[in-house]
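Here is the structure we will look at.
Read-outs: derived from the displayed coordinates by stated rules, not from any lab. Keep in mind it's a predicted model, so treat the numbers as computed, not measured. Cβ coordinates were reconstructed from backbone atoms using ideal geometry, including for glycine residues, and neighbour counts include every protein chain displayed.
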Amino acid sequence: MTNPYKPKGCGSHINPPNRFEKTRHAADFEQLEHDEEFLAGQAPSTAEYLPDESKSIVSENDSPDIPYRYNVNPYRGCEHGCSYCYARPYHEFLGLNAGLEFETKILVKHDAPALLREFLSRPSWQPEPITFSGVTDCYQPAERQFRLTRGCLEVASEARQPITIITKNALVLRDLDLLAEMGPARLVHVNISVTTLDAELARTMEPRTSTPAAKLKAVRVLAAAGIPVRVMVAPIIPGLTDHETPAILEAARQAGATGAGYVLLRLPLTVEPVFRAWLEENHPSKKERVEALIRSTRSGKLTDSQFGRRMRGEGNYARQIAQNFKVFSQRFGLDRRLPEMDVAQFRSPRTASGQLQLF
């Protein structure tokens, strides 16, 4: 039997086996099905923070589907617990699983601000925008305690280094003092992910993100401070959230967003069993239709890793989603590009020793 006790505040209800491990361990609760005290103790409810001693913080990306080259990720794993998160399989490289351990075992790069300072101080650095974060959310709950994104943002502000922020957490407003200086100077863009306006759906699907109302408030406050904000309808889930696109875009415009984008749901590798288990648990009556519609956008499969298709899908239903997004983004004036960032302001930051670079 499976453990009948659902983890609190988690998007995954399972621990899928790590695809890199030859030996797999499966919990067997059959002899313990009446031991409620033991079973209740098996459900993790809090995150464990583990030190990550990475010697670099800026990663380079060469994917033609992603509109940035460099990104910074202060954390590995994410407490937000989004059932659809494409970053889950990265945890398997660490010997952990893409299910509950992705959400409850968070690796923390304590040296992130110092490593960013070191990177920006290199004489070879030719300034261009850097994204916070390209994989897991830089404003996830761990950031309240560790303040590593804040530290990296302080380094970027000092160096006049252009930054693009991607998050689904209203915690970004904590750093409004820095962002309000960088925004009018064309040194920052903020992208807020709004997957749904349904608070109950959000609570189960992305349990530790900010509520839809809090995300829209963040858009409103950031825009009022002169910070360019784009709302990302990401991911669009066929048969579950795709009908919300017009309402999300209208709400984004009313909140002051100046741009919008979308990504079709992706279920690479071990994301698939996590999402399907979540769907079965929370929306069993919709599971068959949702999976059928996803397959209709992925050539009969549940995912597609092919560049050029993986973010948008293909087929009639994918084209309908794309056309619907285009029509309503144009209607609400969200089809414009955000202002170009100004890389000419960059100045090499002081090194950890306090010395400025001479050359």
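Annotation: amide H-H contacts under 5 Å for ILE14 (H modelled 1.01 Å from N, sequence separation of 5 or more, or interchain): LEU100.
Along the Cα-to-Cβ line of PHE93, 7 Å from the Cα, sits a label point; which residues in the stretch 115-144 have backbone N less than 12 Å from it? Once the point is set 7 Å along Cα→Cβ of PHE93, 135-136 turn out to lie under 12 Å by backbone N, inside the stretch 115-144. Restricting the calculation to Cα atoms, the chain yields a radius of gyration followed by a Dmax of 20.9, 71 Å. For PHE132, the amide hydrogen comes within under 5 Å of the amide hydrogens of VAL72, THR164, ILE165, ILE166, counting only partners 5 or more places away or on other chains and with H modelled in the peptide plane. Working note: Karplus 6.51/-1.76/1.60 with θ = phi - 60° gives the stretch 195-210 the couplings 7, 8, 9, 7, 4, 5, 4, 4, 4, 8, 7, 9, x, 10, 7, 6 Hz, where Gly and Pro are set to x.
Using only Cα positions of the stretch 52-119, each an equal point scatterer, no hydration layer, compute I(q)/I(0) via Debye at q = 0.12, 0.14, 0.25, 0.29 Å⁻¹ and quote the log10 values to two decimals. Cα-only, vacuum Debye calculation for the stretch 52-119: -0.36, -0.49, -1.13, -1.18.
Take each peptide in 60-67, 326-333, 338-345, count the other Cβ atoms within 10 Å of every residue, and average; sorted highest first, the result is 326-333, 338-345, 60-67. For the chain, DSSP calls about 15 percent of its internal beta bridges antiparallel. Nothing charged except the Cβ atoms of Lys and Arg (+1) and of Asp and Glu (-1): what's the magnitude of the dipole of the chain about its Cα centre? Round to the nearest 20 debye. Roughly 1260 debye for the chain. Pairs from the table (LYS109/LYS215; LYS215/LYS326; LYS109/LYS168; LYS286/LYS326; LYS55/LYS215) lying more than 28 angstrom apart at Cα are LYS55/LYS215. Residues whose amide H comes within less than 5 Å of that of LEU267, counting only those at least five positions distant or on another chain, are ASP304 (H built at 1.01 Å from N in the peptide plane). Sorted on the mean count of surrounding Cβ atoms within 10 Å across their residues, most packed first, peptides 280-287, 90-97 read 90-97, 280-287. Couplings for the stretch 113-124, taken from phi via the Karplus curve 6.51 cos²θ - 1.76 cosθ + 1.60 with θ = phi - 60°, read x, 5, 5, 5, 4, 4, 5, 5, 7, 5, x, 7 Hz in order; Gly and Pro are left as x.
Residues in the stretch 255-265 carry Karplus couplings, in order, of 7, x, 4, 10, x, 8, x, 8, 9, 6, 3 Hz; the curve used is 6.51 cos²θ - 1.76 cosθ + 1.60 with θ = phi - 60°, and Gly or Pro positions show x. Applying the criteria of a DSSP loop state and at most 13 other Cβ atoms within 10 Å to the GluC sites (Glu not before Pro) of the stretch 129-164 yields no site.
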